[in-house]
Amino acid sequence: MERNEEGHERYFIVARSKKGLSRGSIGRADAETATGDLIGMVYGGGGSARSSGTVKKQDTCPLTRHQAQLLLFVSPASRRLELLRNVQLFTKICALAQEDLVVVKHKKDFQPCLVKNLIQLGKKDKPGVLQMLGFELDLVDTEHDILSKTAPLPFFSAADIVQVAPSHLNTRQPLRDSGDLDFKRKEVSRINSMPALNSHNAKKQSISNTDVSSSIQALSQYSLEVGSMAEVISLNGLTVYGVIRWIGVPEGKKNCWAGLELDNEATTCSDGTFGTKRYFTCEGNKALYVPLTNCKPDSRFLFIPNEIPKPFEPPSATLLEDLNEDVPPVAEQDVLSHLVGRMRGIQGHFNSCYLDATLFSLFTSSTAFNRMFNRSADSDEGISHILRWDIVNRLRRSGFVPAESVMKFRKQLGCKSFATEEKDPEEFITLLLKHVLHIEPLLKIRSHGELAQDAYTHQIIVEKNQVRAVPSVQQLLEMSFVSSNLKFEEIPSCLIVQMPRFGKKFKMFPKIIPSTELDITDILHCSPKECFLCGHLAEYECFQCLMDHKLQPGKIKQYCSTCNTQVHIHPSRKEHTPHKLTDPDHLPEDAPVERHQMQLFAVLCIDTSHYVSFVKYGPNPRSWIFFDSMADRCGDDKNGYNVPVIRSCPEIGDFFSQSEEEMSKADVRECSELVRRLLCDSYMCLYQRTD
Ligand SMILES: [Zn+2]
Ligand SMILES: [Zn+2]
């Protein structure tokens with residue numbers, strides 16, 4: 001086993017995921033390259049080495065062996081980072097000794113427990129295996145007696161512990177990082193590794209303390225924990241909302257306090273410091289410390305008791321994530337637990353659905369625009385800063401963006417009407433990309449061979465009889481381009497296609513199939529194209545042949561010179577005027593033609609002037625979610641607020657798994673509601689490059 005100079009094995013956790021290793025993976029570094037890559041291996045579920053590879057050192061956080069063993073038993077892996085970020089709590093958990101009092105979450109309840117043992121779990125310790133550490137605990141009742149033996153408790157992971165009793169209550173010697181000393185390397189999975197420090201009787205006296213029981217009471221009464229959304233009545237009587245980022249006894253206090261990161265800034269708040277100590281880090285003027293008993297669960301989430309959102313990763317600045325980094329989209333496997341539910345997504349307010357649905361479509365899963373944040377002038381207070389921090393990063397990290405953040409953004413859009421009126425998404429997208437992010441037009445389009453149009457979106461323009469009754473986006477886009485003699489100058493990074501519908505009411509087609517893959521090879525200037533008939537390199541294109549009912553009407557007709565001559569010998573096609581395609585550079589005639597595909601990542605829909613959005617959140621064909629920023633409303637018209645909802649809709653993937661023929665014949669009365677909306681209400685389809 002390789003060791004570094006200090007003689008310690010170097011363990012790490014992946015804090016940022018670029019590719020390959022997912023966030024929260026734990027590994028051991030065997031070497032480090034001159035360029036700052038760690039070479040090593042990552043442990044799988046059972047603690048055995050699963051895969052080896054390299055990871056950028058700056059994307060990891062170093063761990064001791066003890067920390068690595070504790071975290072390895074935590075699942076899912078994303079919860080490991082959550083725990084690690086709660087520095088105070090995790091430090092205490094790492095130092096736990098036998099008979100320490102802790103509070104654990106067990107069967108949805110908070111239970112005070114005494115630590116009995118630290119248990120090695122998983123495969124036996126041998127090279128290439130890291131044994132996981134779990135806690136064996138004894139339940140105590142509120143008088144801290146050990147309960148008469150009931151069914152044995154399971155082993156708890158470090159992440160199950162939500163609180164550690166203040167250390168002055170414990171007369172103990174901490175055991176830290178003691179793996180090599182204290183764990184006898186027996187070939188069994190359970191090892192009693194904690195020496196008894198006190199008898200139970202002595203312990204009972206020492207912990208009969210009101211601080212602990214009131215904290216326990218507060219915890220079990222309200223089910224608040226790190227990551228919970230909470231509300232607090234502030235000094236001036238207003239209710240403020242935030243996420244609990246820290247729970248513990250601050251220096252100089254006797255009882256349990258909570259550190260909250262508020263949704264909005266308040267002048268009396270800090271960036272995470274309390275007195276002279278820092279317990280977490282967030283943006284300035286957002287950290288509020290209050291006694292835990294003053295906190296209540298965020299009532300905005302409690303209207304439907306069965307749908308209280310699960311705790312999720314706390315928002316904003318964290319120990320592990322560099323503030324200058326963009327938060328990556330939520331990983332596919334975490335979307336159902338982090339994003340789906342009530343009070344999820346972007347909260348709608350005052351005609352904002354055009355904007356909520358557009359932002360959600362553009363940024364939830366696609367990273368096509370991330371590089372543009374970096375390119376745009378990013379002053380601290382500027383609008384791109386608000387978009388990046390208050391909306392996009394927040395959406396991806398915490399899964400919820402309050403209406404206030406969206407309003408702050410709308411007010412800075414330059415034109416007053418964007419803050420108050422319903423707008424068209426295309427108008428908003430152009431404003432956003434051009435004036436907020438200062439990016440070049442996404443689409444460079446040639447018209448009749450000349451560079452002519454720069455645009456951010458493409459509006460489909462076709463005649464109804466030019467395509468099938470239930471057209472696909474593929475057909476519509478090709479027809480729209482061919483009938484106006486347009487070509488893409490280059491492959492766009494992102495292609496936003498507007499469906500042929502005008503105003504709020506008129507739609508040209510009752511149903512449109514959003515093609516999941518869009519092949520733009522035939523409408524790409526200068527790219528080699530295949531002859532429609534023989535498959536050789538095409539040299540001509542004929543628009544009049546397009547609708548020829550003997551030649552697959554609607555399909556683009558490009559021919560090699562031989563086929564071009566033969567097709568146009570036919571009397572019915574004598575009048576055609578095929579035009580020569582621009583020769584692709586340096587290409588042998590028999591080279592295979594490369595197809596250029598773009599992938600559908602979102603569909604914006606409209607129904608009676610309300611916009612909603614479908615987003616594809618990962619490679620799995622069934623990974624679709626549906627978002628409505630105003631799905632429900634709580635309270636009365638004046639004081640109420642909208643409840644944004646994200647729903648999982650794998651049925652969209654099932655629908656897309658059919659052939660185009662089957663999809664076009666689907667009877668919408670028999671389709672699920674969301675499939676019907678996707679098929680009938682599409683307004684914009686968003687595609688990105690697959691590379
Ligand atoms: Zn040919
Ligand atoms: Zn022709």
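The values are calculated or read from the model by the stated rules, or taken from the named source; none is laboratory data. This is a predicted model, so every value here is computed, not measured. So basically every Cβ, Gly included, is an ideal-geometry build from the backbone, and we count neighbours across all protein chains shown.
Report whether or not Leu96 is in a helix (DSSP H, G or I), in contact (Cβ under 8 Å) with a residue 24 or more places away in the chain and of a type in the set (A, V, I, L, M, F, W, C).
On the way: in a helix (DSSP H, G or I): no; in contact (Cβ under 8 Å) with a residue 24 or more places away in the chain: yes; of a type in the set (A, V, I, L, M, F, W, C): yes.
So Leu96 fails the test.
Here is a yes/no grid of residues against (1) within 23 Å of Cys494 (Cα to Cα); (2) of a type in the set (Lys, Arg); (3) modelled with pLDDT of 85 or more:
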{"residue": "Met343", "(1), (2), (3)": "no, no, yes"}
{"residue": "Gln347", "(1), (2), (3)": "no, no, yes"}
{"residue": "Phe350", "(1), (2), (3)": "no, no, no"}
{"residue": "Leu355", "(1), (2), (3)": "yes, no, yes"}
{"residue": "Phe360", "(1), (2), (3)": "yes, no, yes"}
{"residue": "Thr364", "(1), (2), (3)": "yes, no, yes"}
{"residue": "Asn370", "(1), (2), (3)": "yes, no, no"}
{"residue": "Arg375", "(1), (2), (3)": "yes, yes, no"}
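Confirm whether Leu476 is under 27 Å from Leu678 (Cβ atoms), at pLDDT 90 or above and part of a strand (DSSP E or B). Steps first, please.
Values: under 27 Å from Leu678 (Cβ atoms): yes; at pLDDT 90 or above: yes; part of a strand (DSSP E or B): no.
Considered against the rule, which asks whether it is under 27 Å from Leu678 (Cβ atoms), at pLDDT 90 or above and part of a strand (DSSP E or B), Leu476 comes out as no.
Can you name the residue in the stretch 530-547 that is more than 11 Å from ligand 1 (Cβ to nearest atom) and modelled with pLDDT of 90 or more and is also farthest from His579 (Cα to Cα) among such residues? The qualifying residue farthest from His579 (Cα to Cα) is Cys545.
Scanning the stretch 548-575 for residues that are more than 16 Å from ligand 1 (Cβ to nearest atom) and more than 21 Å from Gln466 (Cα to Cα) turns up Pro571, Lys574. With respect to being modelled with pLDDT of 80 or more, of a type in the set (S, T, N, Q) and either buried (at least 20 other Cβ atoms within 10 Å of the Cβ) or within 30 Å of Leu114 (Cα to Cα) (or both), Thr64 fits the description.
Before we move on, is Pro571 of a type outside the set (Lys, Arg), under 18 Å from Ser480 (Cβ atoms), free of Cβ contacts under 8 Å to residues at least 40 places away in the same chain and within 14 Å of ligand 2 (Cβ to nearest atom)? Answer is no for this residue. Tallying residues that are surrounded by 22 or more Cβ atoms within 10 Å (Cβ to Cβ) and either acidic (Asp, Glu) or over 25 Å from Phe656 (Cβ atoms) (or both) within the stretch 454-477 yields 0.
For the stretch 593-609, the criterion of being within 14 Å of ligand 2 (Cβ to nearest atom), more than 30 Å from Phe655 (Cα to Cα) and outside any strand (DSSP E or B) is met by none of the residues.
Of all positions in the stretch 576-585, at least one carries a residue that is assigned to a strand (DSSP E or B) and either over 21 Å from the mean Cα position of the chain (by Cα) or more than 16 Å from ligand 2 (Cβ to nearest atom) (or both). When residues in the stretch 549-568 are screened for being over 18 Å from Pro592 (Cα atoms), within 11 Å of ligand 2 (Cβ to nearest atom) and touching a helix residue (DSSP H, G or I) at 6+ places or on another chain (Cβ under 7 Å), 1 of them pass.
Filtering the stretch 67-87 to residues that are crowded, with 22+ Cβ neighbours inside 10 Å and outside any helix (DSSP H, G or I) leaves Phe73, Val74, Asn86. When you scan the stretch 525-544, do you find a residue that is part of a loop (DSSP other than H, G, I, E, B), within 16 Å of ligand 2 (Cβ to nearest atom) and farther than 28 Å from Glu450 by Cα, even just one? Yes, that holds for at least one residue. As for the stretch 609-624, it holds no residue that is loosely packed, with under 12 Cβ neighbours inside 10 Å and either modelled with pLDDT under 90 or within 16 Å of ligand 1 (Cβ to nearest atom) (or both).
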